[in-house]
Amino acid sequence: MSPKPRLAVWKFTSCDGCQLTVLDCEEEFLDLLGSFEIALFHEARREFEPGPYDVSLVEGSIGTPAEAERIKMVREQTKFLIPFGVCATWGGIQALRNWSDAERMKSQVYPHPQYVSMLPTSTPVWAHVKIDYQLQGCPPNRGQLIDILGQILQGKQPRLATNSVCLECKRKGNICVLVAQNMTCLGPVTHDGCGALCPTYNKGCYGCFGPMDDPKPERFARELEVRGLKGAQIVREFMRITSYAEGYRKGAELYEPEIRQG
């Protein structure tokens, strides 16, 4: 009988919320324990075992020189490398520093900035090493997480949706808050996977799953402008959790003076 595939869960620059999503799988997590050998997962156990690993789930962006080296080590020891959560897939909220002077920001935040070693940018995992799949979201959808691990266990090629939140709204029969209420909503340019949670409760999507494939942000930015938003307001809409993802960044960069003033 072949041994169980070995699973490692890694943390880089992040809040731990994505790792908690794994633990929040509850009953499914027990099945996961039965299907994988958990070789490394600091959020769940103290002990860890060295590689190689069959699957590595990576939470967090690459924000320090040490992390830039460590992610290479993870890649070398892993068969399937899967960044999960918007920090790992798009740089996260900490990527706001990519728009500014990181050294100036560091001096304003830390009382002794000389002891803080950080890169001038916060970047996704794929900017440093080859990845195999990725799961977006803040936090990622636990159903998608279990599904992709299950497909890997079965030797299948994982398939992930690449649609927008709008499609999820249509499936749920939601009235479009952007059209019907003129409420600012990033659903047309945002990756699906959340189940259209915010629009379902009469709130505009704020893009926590990152941009969908080919979101055409410039066109959407003009649509927001037609609906009455000013340049600085449009910049704020794009510059939230996944501000430096190209699919949002291009929309914000149409209003560069507002970015520099902000």
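Only the coordinates and a few stated rules stand behind these numbers; no lab work does. These numbers were taken from a predicted model, which means no experiment stands behind them. Every residue, glycine as well, gets a Cβ built from its backbone with ideal geometry; the counts of neighbours run over all protein chains shown.
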Legend entry - GNM top mover of Leu81, Leu135, Leu153 - the chain, alpha-carbon springs below 10 Å: Leu153
Inset, instruction - Taking the Cβ of Pro52 as the centre, find all other residues whose Cβ is under 13 Å away and add up their charges (Lys, Arg: +1; Asp, Glu: -1). - result: -1
Inset, instruction - Among His128, His191, His42, His112, rank each residue by its count of other Cβ atoms within 10 Å, from fewest to most, as a rough exposure measure. - result: His112, His42, His128, His191
Legend entry - Unit charges at the beta carbon, dipole of the chain: most positive-side option, His128, Val226, Val74: Val226
Inset, instruction - Can you pull the one-decimal nm distance between simple spin-label points at Gln181 and Tyr110, each 7 Å off the Cα toward Cβ? - result: 4.2
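Considering only Cα-Cα distances, which of the following residue pairs are longer than 22 Å: Lys230/Lys250; Lys11/Lys79; Lys170/Lys216; Lys106/Lys216?
On the way: Lys230/Lys250 16 Å; Lys11/Lys79 18 Å; Lys170/Lys216 20 Å; Lys106/Lys216 33 Å.
Checking Cα-Cα distances, Lys106/Lys216 exceed 22 Å.
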Inset, instruction - Starting with the highest mean, order 243-252, 174-183, 13-22 by the number of other Cβ atoms within 10 Å, averaged over the residues of each peptide. - result: 243-252, 13-22, 174-183
Inset, instruction - Select from Ile148, Leu20, Pro113 the residue farthest towards the positive end of the dipole of segment 6-153; place +1 on Cβ of Lys and Arg, -1 on Cβ of Asp and Glu, and compute about the Cα centre. - result: Pro113
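Magnitude of the Cβ-charge dipole of segment 6-153, K/R +1 and D/E -1, about the Cα centre, nearest 20 debye?
On the way: 13 positive and 19 negative charges, 131 e Å.
Charge dipole, segment 6-153, about its Cα centre: 620 debye, nearest 20.
How large is the dipole of the chain about the Cα centre if only Lys and Arg carry +1 and Asp and Glu carry -1, each at its Cβ, rounded to the nearest 20 debye?
On the way: 30 positive and 31 negative charges, 111 e Å.
Dipole magnitude for the chain comes out near 540 debye.
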Legend entry - Largest-first ellipsoid semi-axes for segment 6-153, taking √(5λ) over the Cα gyration tensor eigenvalues, angstrom: 28, 15, 14
Inset, instruction - Report, for the chain, the % of DSSP beta bridges that are antiparallel, rounded to 5. - result: 25
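By its C-alpha gyration tensor, with a ≥ b ≥ c as the square roots of the eigenvalues, how is segment 129-262 shaped: rounded for a/c under 1.5, else prolate for a/b larger than b/c, else oblate?
Note, shape of segment 129-262 comes out oblate.
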Legend entry - Coil-residue trypsin sites (Lys or Arg not before Pro) of segment 132-227, DSSP, other Cβ within 10 Å capped at 10: Lys156, Arg159
